[in-house]
1. Taking the stretch 105-123 on its own, how many of its residues are in a loop (DSSP other than H, G, I, E, B), surrounded by 13 or more Cβ atoms within 10 Å (Cβ to Cβ) and not basic (Lys, Arg)?
2. Being closer than 24 Å to residue 19 by Cα and of a type in the set (Val, Ile, Thr): is that true of residue 136 here?
3. Do the conditions hold for residue 76, that is, is it in contact (Cβ under 8 Å) with a residue 40 or more places away in the chain, of a type in the set (Phe, Trp, Tyr) and in contact with a Ser or Thr (Cβ under 9 Å, 6 or more places away or on another chain)?
4. Mind counting the residues in the stretch 55-114 that are closer than 16 Å to residue 129 by Cα and among the polar types (S, T, N, Q)?
5. Quick one: which of 66, 45 is of a type outside the set (Gly, Ala, Ser) and in contact with a Phe, Trp or Tyr (Cβ under 7 Å, 6 or more places away or on another chain)?
6. Quick one: count up the residues across the stretch 9-31 that are in contact (Cβ under 8 Å) with a residue 12 or more places away in the chain and over 17 Å from the mean Cα position of the chain (by Cα).
7. Look at the stretch 52-67 and say how many of its residues are exposed (fewer than 11 other Cβ atoms within 10 Å of the Cβ) and assigned to a helix (DSSP H, G or I).
8. Exactly one condition in (1) outside any helix (DSSP H, G or I); (2) modelled with pLDDT of 95 or more; (3) basic (Lys, Arg) is false for residue 126; which is it?
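The values are calculated or read from the model by the stated rules, or taken from the named source; none is laboratory data. Values in this document were obtained by computation on a predicted structure and should not be read as measured data. Every residue, glycine as well, gets a Cβ built from its backbone with ideal geometry; the counts of neighbours run over all protein chains shown.
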Amino acid sequence: MKEIKSTFDKRKVVNWILLILWMIIIFAMSNQPAVVSDKQSGLVITTLTNLGIDMNGIFGELANFIVRKTAHFLEYMILGILILNVLEIHYTRQKIRLLGVLLVFLYASSDEIHQLFVQGRQGAFRDVVIDTLGGTFGIFVISKLKVLRLKK
């Protein structure tokens, strides 16, 4: 019985550490001036072009916008999954999805407020919506996969 509790405690600590580290990564990325952030988006577009996906050819001036918003969605999808993993330890299954989405929304909101104080950046409610959709997607996909795994 002690071995099970020890494994549970380790899992709990690891889940919390991963969540906090990911939140720090999001904060650090949001803390970069607009010039740095634009260079990163440009690097992604260049990499995709080198792989045969010509984002500029397909989307023109929208390429940078699409890359940036996709990054928002994906980073918050990961955040949603990590939040779900932490919440599963503390709450019943019925509460965790809604609470997870709420926490993603609150963190996304605080992230956009933070960007108001970063050189060349601005907070945008549109980004809060994209972030929340990403987190919601991650939470619900993982929840469904876990339910399917339990049925087997």
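1. So in the stretch 105-123, the residues in a loop (DSSP other than H, G, I, E, B) come out as 116-123.
Of the ones still in play, those that are also surrounded by 13 or more Cβ atoms within 10 Å (Cβ to Cβ) are 118, 121, 123.
So of that shortlist, the ones also not basic (Lys, Arg) come out as 118, 123.
Summing the residues that are in a loop (DSSP other than H, G, I, E, B), surrounded by 13 or more Cβ atoms within 10 Å (Cβ to Cβ) and not basic (Lys, Arg) in the stretch 105-123 gives 2.
2. Working: closer than 24 Å to residue 19 by Cα: yes; of a type in the set (Val, Ile, Thr): yes.
Yes; evaluated as a whole, the condition is true for this residue.
3. Numbers: in contact (Cβ under 8 Å) with a residue 40 or more places away in the chain: yes; of a type in the set (Phe, Trp, Tyr): yes; in contact with a Ser or Thr (Cβ under 9 Å, 6 or more places away or on another chain): yes.
Yes; evaluated as a whole, the condition is true for this residue.
4. Looking only at that region, the number is 3.
5. Numbers: 45 fails: in contact with a Phe, Trp or Tyr (Cβ under 7 Å, 6 or more places away or on another chain).
None of the others qualify; the one that does is 66.
6. Of the residues in the stretch 9-31, 2 are in contact (Cβ under 8 Å) with a residue 12 or more places away in the chain and over 17 Å from the mean Cα position of the chain (by Cα).
7. Kept after step one, since they are exposed (fewer than 11 other Cβ atoms within 10 Å of the Cβ), are these residues of the stretch 52-67: 52, 57, 60-61.
Then drop every residue that is not assigned to a helix (DSSP H, G or I), which leaves 57.
Residues flagged as exposed (fewer than 11 other Cβ atoms within 10 Å of the Cβ) and assigned to a helix (DSSP H, G or I) within the stretch 52-67 amount to 1.
8. All conditions pass for residue 126, except number (1).
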